[in-house]
Amino acid sequence: MNTPSEAPSPLPVLAPHEGWHVLHLFYHIDRSQWDLLTADEQVRAKTNLAKLIQEIRATPQTQLLTFSVLTPKADMAFMLLTPDLQTANALEKRLTLALGTDILVPAYSYLSMTEWTEYVTSDDEQSQKITSEKGFQPGTPEHAAEMETFHKYLAKYRQDRLYPNMPDWPVFCFYPMSKRRNDGNNWYATDYTERRRLMGGHAITGRKYHGKVRQLITGSTGLDLYEWGVTLFAHNTSDIKAIVYEMRFDEVSARFAEFGDFYIGIQLPLDELFRRQML
């Protein structure tokens, strides 16, 4: 046990081998508790949350986004990305209490991690594709240049998956999902080659919305109820609705996908978020 003169031992860093932890936090605002505060206490509470958000955003390798949530499922939400689970846990507790005890009431939460995909094109496959589609033979300068372009694309794609820079686009959508393992459609009993083919068709649909929808897929197997979290950003709800609808016709979704609740929000600066919530 530490004596008063002793500093506490530093906590171990709980960071994954690669990628970041991702927390989606949704809250109701207890108006009865908020209205018990005096005007000065309300100002101090909002200032406290604003300072905390600034502190979090100044933390290395950490991002925090703020949302006003549509429908009574929740009032406001945060999306926190940070590598160390210790940091994620500490910041989550501070956010929950930032406006005062019992004012932000948790409505829903989801823990996941950024992750790489196992369905990436290999060097051999890309080499064969270059030869078959462009006629460039391995060992030629043209083939080498094409492979270099492929490697640069793959490096950026990996960076974007594991260490994403989240956009400031206004429309936000989050939902969890899993793959079926029943009714004769067991994703985990399906051959890798077939799973990869199915995911390839899904990717083709996603590319149609390049520049319209930004998508982040995070893994949550063993961390939360579902197996993945899907976060979408867009400039309007039409594109969110369209991409989710179209992807449901992809075989991988039609046969294997199971979805949780959808949460829709608007990404707002904190001053407007306060006004929107009438705080």
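Placing a pseudo-label 7 Å from each Cα along the Cα-to-Cβ vector at Thr149 and Ala203 gives an inter-label distance of 1.7 nm.
Go through His21, Gly265, Leu198 and say which Cα lies farthest out towards the positive end of the charge dipole of the chain; charges sit on Cβ, +1 for Lys and Arg, -1 for Asp and Glu. The residue sitting most towards the positive pole is Gly265.
Farthest toward the positive end of the dipole of the chain, out of Gln137, Leu52, Val171, is the Cα of Val171, where the dipole comes from beta carbon charges about the Cα centre. Charge dipole (Cα centre; +1 on Lys/Arg Cβ, -1 on Asp/Glu Cβ; no other charges) of the stretch 116-163 amounts to roughly 200 debye. Express in whole angstrom the spacing between the alpha-carbon centres of the stretch 28-51 and the stretch 77-100. The stretch 28-51 and the stretch 77-100 have Cα centres separated by 18 Å.
A Cβ-based charge dipole, computed about the Cα centre of the chain with Lys and Arg at +1 and Asp and Glu at -1, lands at about 500 debye. A helix-only calculation puts the chain at -12500 deg cm²/dmol for mean residue ellipticity at 222 nm, using -39500 (n - 2.57) for each DSSP H run of at least four residues, averaged over all residues.
The simple spin-label model puts a point 7 Å past each Cα toward its Cβ; for Arg57 and Asp271 those points are separated by 1.2 nm.
By the rule of a C-alpha distance below 28 Å, with chain neighbours fewer than 8 residues away ignored, the lysines paired with Lys46 are Lys73, Lys93.
Here Rg and Dmax of the Cα atoms in Å was calculated from the structure, and among [x] 23.2, 75; [y] 22.3, 75; [z] 18.7, 55 it sits at label [y]. How large is log10 of I(q)/I(0) for the stretch 24-165 at q = 0.11, 0.12, 0.13, 0.19 Å⁻¹ when the intensity is taken from the Debye formula with one equal scatterer per alpha-carbon? Debye curve over Cα of the stretch 24-165, log10 I(q)/I(0) at q = 0.11, 0.12, 0.13, 0.19 Å⁻¹: -0.59, -0.64, -0.70, -1.10.
Per-residue extension of 0.36 nm, minus the Cα-Cα distance of Leu11 and Tyr163, leaves a gain of 52.3 nm for this segment. Counting only DSSP beta bridges whose two residues both lie in the chain, roughly 100 percent are antiparallel. Phi angles across the stretch 268-279 convert, under the Karplus curve 6.51 cos²θ - 1.76 cosθ + 1.60 with θ = phi - 60°, into 3J(HN,Hα) values of 9, x, 5, 4, 6, 4, 4, 5, 4, 8, 6, 9 Hz, Gly and Pro given as x. Computed 3J(HN,Hα) for the stretch 106-115, one whole-Hz value per residue from the Karplus formula 6.51 cos²θ - 1.76 cosθ + 1.60 where θ = phi - 60°, is x, 9, 6, 8, 8, 10, 8, 9, 5, 8, glycine and proline marked x. Under the simplified labelling scheme, the Val43-Thr131 pair shows an inter-label distance of 7.4 nm, with each label point 7 Å from Cα along Cα→Cβ. Going down the list Lys129/Lys179; Lys156/Lys212; Lys134/Lys179, which pairs span over 25 Å between their C-alpha atoms? As for pairs spanning more than 25 Å Cα to Cα, those are Lys129/Lys179; Lys134/Lys179.
Coordinate-derived values only; no laboratory data. Just so it is clear, the structure is predicted and the values come from calculations on it, not from any experiment. Note that each Cβ is placed from the backbone with ideal geometry, even for glycine, and that neighbours are counted across all protein chains shown.
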